[in-house]
Amino acid sequence: MADRVTVIGWDGSPLTPAASSALAAATLVAGAGHHLALPEVPPGAERIRLGSVSLAARRIAGHRGSAVVLADGDPGFHGVVRTLRAPEYGLEVEVVPAVSSVAAAFARAGMPWDDAEVVVAHPRTLRRAVNVCRAHPKVAVLTSPGAGPAELALLLEGVHRTFVICEELGTAREAVTVLTSDKAADHTWRDPNVVIVIGGSSAPDTAAVRGWALPAAEYGEGLGEGEHATLRAAQLGRLGPRTGDLVWDIGCGSGALATEAARFGAAVIAVDADPAACRRTDAVARRFGLQLQIIHGRAPHVLERLPEPDVVRIGGGGVAVVTACADRRPERIVTHAGTRDEAEALGAALAEGGYVVECALLQSVALDTASWAERERSVVFLVSGRRPESGP
């Protein structure tokens, strides 16, 4: 294998003495085209155009001599170091970092970034990156060909954001463009680029309210029949919403479950046919400082134009809505029923859609702790479906 492997980050500024020394001694240099054109690259060194990092790692592992890998920014921050250090290549690397492209992008924009989410977008992960942009007010997206500013904008349709697009940072062709997300798809953007996505209210302080399945008093007006804390806790437990997910909350009612799913970091689309429910959900989300997309409309018809969900909670609508959601193949679906017959019908619809079905009868009794007398009782069937390939 290579006697020495040095990974050098480059941000357009002059190389450090350590980087220059390693590069001068290199017998193999791997990097993008603009890296290999640097005057410091030894003319007699073997050169590898860095397309597939895995392929380059195999060639470096078989090289006898000193190898240098050039990469943009900090190569340990969503960069090549992770792949090069994979056990199958057996490489020990030294890293000379530079300013990361994310730090450089925020510097060009004159913005702090300690409160930003950072995601990497490839064609296979683009949808999850978009969901992070839906849920958070400040996101840096490290893009790739086929998952750039235009593709981000197209998938964010209906959600207003401001894009700060930083192209070819550190080069003579560097450019920074600020525009609204609906205009980004009208342009052709140069790679590599970083997109800062900004919009909505300030980042929520999720630590300010401890716990989840909060009491009804946290949501202002009284909760609906299917929104009490015990049922919400069970539904959230089945759904497991997380950063990068898109949650549909159909029949959002007071907005309690939609808000709590968003507090886990998920993007949420809340749907209700009642305008008053939409207003309540919007008010609750604003109070918690959360980004929700709220759709006024009646399921199942309104669902046809929504982006693909990861998990779905159905607060009402019966078999027709369950069937329509199952057709979109989310990983998890949860709903509830007031009677066993209704629970059986909902479970049958999930099973027919190819889901593994579970049902539990939940009974909750709230007690007045002054007298320990019963204050409120709730009995409901929790019906949930799991797509088999999504795991337990």
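The values are calculated or read from the model by the stated rules, or taken from the named source; none is laboratory data. Note that this is a predicted model, so its numbers are computed, not measured. As a convention, Cβ positions derive from the backbone with ideal geometry for all residues, glycine included, and neighbour counts pool all protein chains shown. To get the accessible areas, we keep the full protein, side chains included, count just its heavy atoms, and leave off ligands, DNA and RNA. Shrake-Rupley method; radii C 1.70, N 1.55, O 1.52, S 1.80 Å.
R47 satisfies every condition listed in (1) touching a strand residue (DSSP E or B) at 6+ places or on another chain (Cβ under 8 Å); (2) basic (K, R); (3) more than 18 Å from R4 (Cβ to Cβ) except (3). Tallying residues that are surrounded by fewer than 24 Cβ atoms within 10 Å (Cβ to Cβ), small (G, A, S) and either in contact with a helix residue (DSSP H, G or I) (Cβ under 6 Å, 6 or more places away or on another chain) or within 23 Å of G318 (Cα to Cα) (or both) within segment 255-283 yields 3.
Restricting A262, A258 to those that are under 20 Å from P137 (Cα atoms), in contact with an Asp or Glu (Cβ under 9 Å, 6 or more places away or on another chain) and either in a helix (DSSP H, G or I) or among the aromatic types (F, W, Y) (or both) reduces the list to A258. Taken together, the residues in segment 135-158 that are open to solvent by less than 20 Å² (accessible area, probe 1.4 Å) and within 15 Å of I269 (Cβ to Cβ) amount to 2. If only residues of segment 330-357 that are in a helix (DSSP H, G or I) and surrounded by 17 or more Cβ atoms within 10 Å (Cβ to Cβ) are counted, the one that is farthest from the chain's Cα centre (by Cα) is A343. Looking at segment 92-202, the strands (runs of 3 or more DSSP E) lying wholly inside it that each contain 2 or more residues that are touching a residue at least 40 places away in the same chain (Cβ under 8 Å), in contact with a helix residue (DSSP H, G or I) (Cβ under 6 Å, 6 or more places away or on another chain) and closer than 30 Å to R286 by Cα sit at 117-120, 138-142, 193-198.
Of all strands (runs of 3 or more DSSP E) completely enclosed by segment 10-84, which ones contain at least 2 residues that are aromatic (F, W, Y), modelled with pLDDT of 95 or more and crowded, with 17+ Cβ neighbours inside 10 Å?
On the way: elements: 28-31, 46-49, 66-72.
So the answer is none; nothing clears 2.
For beta carbons closer than 6 Å, sequence separation of 6+ or different chains, a first residue in segment 376-392 that is in contact (Cβ under 8 Å) with a residue 24 or more places away in the chain and under 11 Å from T230 (Cβ atoms) and a second that is among the polar types (S, T, N, Q) and surrounded by 14 or more Cβ atoms within 10 Å (Cβ to Cβ), the qualifying pairs are S378/S364.
Looking at R85, R124, just one residue is basic (K, R) and farther than 21 Å from L156 by Cβ, and that residue is R85.
Give R242, R298, R287 a once-over and let me know the one that is open to solvent by 10 Å² or more (accessible area, probe 1.4 Å) and assigned to a helix (DSSP H, G or I).
Numbers: R242 fails: assigned to a helix (DSSP H, G or I); R298 fails: assigned to a helix (DSSP H, G or I).
Of the residues listed, the single one that is open to solvent by 10 Å² or more (accessible area, probe 1.4 Å) and assigned to a helix (DSSP H, G or I) is R287.
Residues are listed down the side, and each one gets a yes or a no for (1) among the charged types (D, E, K, R); (2) under 30 Å from L38 (Cα atoms):
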residue: V120; (1), (2): no, yes
residue: R134; (1), (2): yes, no
residue: V141; (1), (2): no, yes
residue: E168; (1), (2): yes, yes
residue: E174; (1), (2): yes, yes
residue: S181; (1), (2): no, no
residue: D186; (1), (2): yes, no
residue: W189; (1), (2): no, yes
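Looking across segment 358-392, the residues that are surrounded by 11 or more Cβ atoms within 10 Å (Cβ to Cβ), of a type outside the set (G, A, S) and touching a Lys or Arg at 6+ places or on another chain (Cβ under 8 Å) come down to E358, V365, L367, F381, L382, R386, R387.
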